[in-house]
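Accompanying notes for the structure given below.
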Amino acid sequence: MTTDAGYRHGNTVRKNASRRPPRAPGLPPRQRQNAPDVTAGIGRASRLWASLPRELAKAFRPHADAMTAEILREIQLAVPEYARPLEGPFGRTIVRSIQQAVRHCMDNLGNPAAPQEAWIGVFRHLGKVEFSEGRTLDQLQTAYRVGGRVAWRYVASVSQSLGLSTDFLCVGAEAIFAYVDEISALSLQGYAAAQKRAAGTRARQRRQLLELILADPPASPTAIARLAATAGWRLPERVVAVALEPRADQHHREPPSLDSEVLMDLEGPQPCLLADPQLVTAGSLEPALAGWRAVIGPEVKLGDAAMSLRWARRTVDLARRGVIDAPPLARATDHLATLWLLSDEFLVKELIRRCLAPLAGLTDKQRTRLGQTLLAWLQSSGTAPDMADRLGVHPQTVRYRMRQLEELFGERLNDPESRSDLEIALRAAQLLDK
């Protein structure tokens with residue numbers, strides 16, 4: 001092989017051939033799932049290799065196997081996670097990747113038309129493998145940097161033995177370091193894609209789990225336990241459901257920042273949460289659900305989760321209608337009497353119609369005044385002064401109204417069962433008239 005200026009590259013490369021390879025690019029773990037598409041930045045290394053004489057490929061190809069073995073050995077020494085037997089899928093993947101990297105660079109020497117798809121796919125796949133193995137990209141990027149240094153030492157040694165020019169060494173170094181950057185970026189993209197896909201799968205599994213738990217009738221404990229294991233959700237003994245008020249702009253909001261063990265459905269017509277009671281306290285929910293109306297349901301066994309959600313949603317409905325006064329974040333258990341009293345509005349309205357029929361022929365103003373007076377009488381000692389204090393009127397006014405009520409209701413005012421029905425009907429009527 002000729003070793004004179006025939007191999008001398010005409011363009012001066014400004015970077016020093018002896019520099020150390022730069023650290024491969026990466027993102028903090030929280031940002032990796034949102035990593036941008038880097039394909040547009042791929043190709044600089046290929047252009048540098050292609051700018052060199054084609055004859056160099058013949059000179060370096062006999063060294064490909066030895067270079068591959070040296071790179072693999074050094075990587076296994078530097079990265080403990082890769083220092084294991086190379087049998088099985090892991091071994092085939094790492095060996096194939098190193099072979100692909102070396103082969104691509106040699107195929108690219110003096111050849112601008114060398115195929116790119118294969119090596120791009122290989123290093124994207126490596127990123128996906130790292131995610132599936134439960135590792136970060138730190139080990140893989142270390143391996144790339146080690147591989148780049150070994151490749152540079154090997155190329156420099158062979159180039160010296162062949163008497164190649166300094167210009168070639170400069171271009172070769174530049175190409176190797178650019179290649180390390182590019183394969184690191186491709187693996188980052190593959191890792192981010194796998195992370196995003198896994199997050200989507202996990203989210204779907206958890207929505208399905210939430211549907212199973214809240215089904216009516218409930219799903220079997222075995223089915224729930226099986227799906228919980230697949231979705232990575234620890235089954236608590238007791239839970240609370242949280243009903244959320246739908247908003248027209250809810251899909252434009254960022255999902256609330258809650259503990260990962262909180263099951264969420266924010267996209268359905270009736271959004272809700274479900275979790276261990278310790279994870280959905282008012283202190284943890286209030287800042288996370290700013291802008292939402294939320295009601296925490298009663299604490300129940302896991303199998304009764306649908307019941308907790310039912311009463312949470314009922315409380316949301318009553319709060320929306322103004323029947324109860326509730327802050328943006330409320331508890332259903334703070335309104336148990338009202339929830340019980342209005343648990344079946346059809347029957348309650350029938351009770352009101354039947355018990356308060358004697359007031360039907362009066363004006364609205366008369367019905368209101370007499371109804372208030374009757375309720376005060378039922379809830380007090382029955383003396384005119386006591387009732388007057390409750391109502392804010394003169395005792396003589398109370399006596400006058402009571403005579404009217406006695407004429408309208410007669411003996412029912414003396415019957416304990418009738419008085420109980422009257423009190424329930426009057427309290428319910430007041431709530432529903434809000």
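Summary table
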read-out: Per-q log10 I(q)/I(0), the range 76-163, q = 0.12, 0.13, 0.20, 0.22 Å⁻¹ (Debye; single scatterer per alpha-carbon; no solvent); value: -0.44, -0.51, -1.07, -1.21
read-out: Spin-label pair Asn414/Tyr400, simplified geometry with 7 Å Cα→Cβ offset, distance in nm; value: 2.7 nm
read-out: 22 Å tail of the calculated P(r), the range 230-359, as % of Cα pairs; value: 40 percent
read-out: log10 of Debye I(q)/I(0), alpha-carbon scatterers only, for the range 293-332 at 0.17, 0.34 Å⁻¹; value: -0.39, -1.10
read-out: Amide H contacts of Leu329 (H built 1.01 Å from N, under 5 Å, at least 5 apart or other chain); value: Ala294
read-out: Using alpha-carbon coordinates, inclination of helix 117-132 to the longest axis of the chain, degrees; value: 50 degrees
read-out: Principal axis dimensions, the range 40-106 - Cα atoms, whole angstrom, descending; value: 39, 32, 21
read-out: Structure-based [θ]222 nm, the chain - -39500 (n - 2.57) summed over DSSP H runs of at least 4, per residue, nearest 500; value: -19000 deg cm²/dmol
read-out: Cα pair distances in the range 288-434, grouped into 10 Å bins until the bin that holds the longest one, percent each; value: 10, 33, 28, 18, 9, 1
read-out: Cα-only Debye scattering, the range 169-316: base-10 log of I(q)/I(0) at q = 0.16, 0.20 Å⁻¹; value: -0.86, -1.24
read-out: HN-Hα J in Hz across the range 404-416 - Karplus 6.51, -1.76, 1.60, θ = phi - 60°, x for Gly and Pro; value: 4, 5, 5, 5, 6, 9, x, 5, 4, 6, 9, 9, x
read-out: All-pairs alpha carbon distance profile, the chain, 10 Å steps from 0, percent; value: 4, 16, 16, 12, 12, 10, 8, 6, 5, 5, 3, 1, 0
read-out: Alpha-carbon centroid distance for the pair the range 53-96 / the range 370-396, whole angstrom; value: 95 Å
read-out: Computed lengthening from Arg367 to Gln430, 0.36 nm per intervening residue step minus Cα-Cα distance; value: 21.5 nm
read-out: Qualifying trypsin sites (Lys or Arg not before Pro) in the range 301-373, DSSP loop, other Cβ atoms within 10 Å at most 15; value: Arg321
read-out: Set of the range 53-70 residues, backbone N closer than 12 Å to the point 7 Å along the Cα-Cβ line of Ser157; value: 66-70
read-out: Ranking of His394, His63, His104 by count of other Cβ atoms within 10 Å, fewest first; value: His394, His63, His104
read-out: Projected-area mean, the range 345-432, by convex hull of Cα positions, square nanometres; value: 5.5 nm²
read-out: Exposure proxy ranking, count of Cβ atoms within 10 Å, fewest first, for Ile75, Ile120; value: Ile120, Ile75
read-out: Inter-site label distance for Arg44 and Arg103 at 7 Å from Cα along Cβ, in nm; value: 2.7 nm
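Laboratory data are not the source of any read-out in this text; all were calculated from the coordinates shown. These numbers come from a predicted model, not from an experiment. Cβ atoms come from the backbone with ideal geometry, glycine included; neighbour counts cover every protein chain shown.
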